[in-house]
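Here's the structure, in C-alpha cells; my notes come after.
What follows draws every value from the coordinates through simple rules; no lab data is involved. Bear in mind the structure is a predicted one, so any value in this text is a computation, not a measurement. Note that each Cβ is placed from the backbone with ideal geometry, even for glycine, and that neighbours are counted across all protein chains shown.
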Amino acid sequence: MRRLLRGLMIPVVLVVALVLSGGCCPQKKAAAVAPPSPAPVAQAPVVKEAPPPPPVVEKMTFEPIYFDFDKSNTKPPAIAKLDKIGDWMSKNTTAKIRIEGNCDERGTNEYNLALGDRRANSAKQYLVNLGISADRILTISYGEERPADQGHNEAAWAKNRRDEFKLME
C-alpha cells in the first residue's frame, strides 16, 4: 500500500505544480498594456508680479538752524527753515532725518551735551507740531565736539550753536 501511495504521490505533485505554475493549459496571456501617458498639458507661464518700487525720496540738502548763546528756542530764520523741512517731509512720507544738536566750546561737556539735546528736540518738536511723525525724526547731541568753525571768538561760536539735519538712508 505504501508503494501504491508513493506511486500516486509523484503524479499528484506534478499535476499540482503544473496547475500552480500555469503551465498545464496553454493560455494566451494578455500582454500587459500600460495606460497611455497623458499628453503634456501646456501650462500658462507663471507671472510673478514685481513688488512695487520703493517710494522715491527726493534728495534734499538741509540748511542748519542757529541758536542764541545758551538758548534752545527757535528764532524766526530757523522757523522758516523748519517749515521748509516739514513741507519736504510731508511730500516724502518715507523719509527719516536725524537732527544733530551742537554747541560752542563754552560750558562743560555735560552742560553742552544737554544743551545740544534740548536744541535738537526743540527742532523735532516743531516738526512734530507740523504733523510729521516723531518716529521719522532721530535726535542726537554732539555738544561742543563737532564745531563748524574752529575759531575762539563770537563769530565762530555763533556758527557752532546749531542744529544740522541729515537724511537717513
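Exactly which GluC sites (Glu not before Pro) in the range 125-167 are in a DSSP loop and have at most 16 other Cβ atoms within 10 Å?
Values: sites: E144, E145, E154, E164; in loops: E144, E145.
For GluC sites (Glu not before Pro) across the range 125-167 that sit outside H, G, I, E and B with at most 16 neighbouring Cβ atoms in 10 Å, the list reads E145.
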Under a Cβ-only charge scheme (Lys and Arg +1, Asp and Glu -1), can you give me the dipole magnitude of the range 65-168 about the Cα centre, in debye to the nearest 20? 460 debye
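Going by C-beta contacts inside 10 Å, put K96, K59 in order with the fewest on the left. Kindly include the intermediate steps, with their values, before the conclusion.
On the way: K96 16, K59 8.
So the ranking, lowest neighbour count to highest, is K59, K96.
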Residue order, fewest to most surrounding Cβ atoms within 10 angstrom, among K159, K48, K124: K48, K159, K124
Along the charge dipole of the range 65-168, pointing to its positive end and built from +1/-1 on Cβ of Lys, Arg, Asp and Glu, which listed residue (P147, A134, I65) has its Cα farthest out? A134
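Please arrange F69, F62, F165 by counting, for each residue, the other beta carbons lying within 10 Å of its beta carbon, fewest first. Kindly include the intermediate steps, with their values, before the conclusion.
Numbers: F69 12, F62 17, F165 22.
By the 10 Å Cβ count, ascending: F69, F62, F165.
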With a cut-off of 8 Å between alpha carbons and a minimum separation of six or more residues, what is the relative contact order of the range 65-168 in percent? 40 percent
For the range 89-106, 3J(HN,Hα) per residue [Karplus equation, 6.51 cos²θ - 1.76 cosθ + 1.60, θ = phi - 60°, Hz, x = Gly/Pro]: 5, 5, 7, 10, 5, 9, 6, 10, 10, 10, 9, 9, x, 10, 9, 7, 7, 7
Considering only the range 65-168, what is the antiparallel percent among its DSSP beta bridges, to the nearest 5? 55 percent
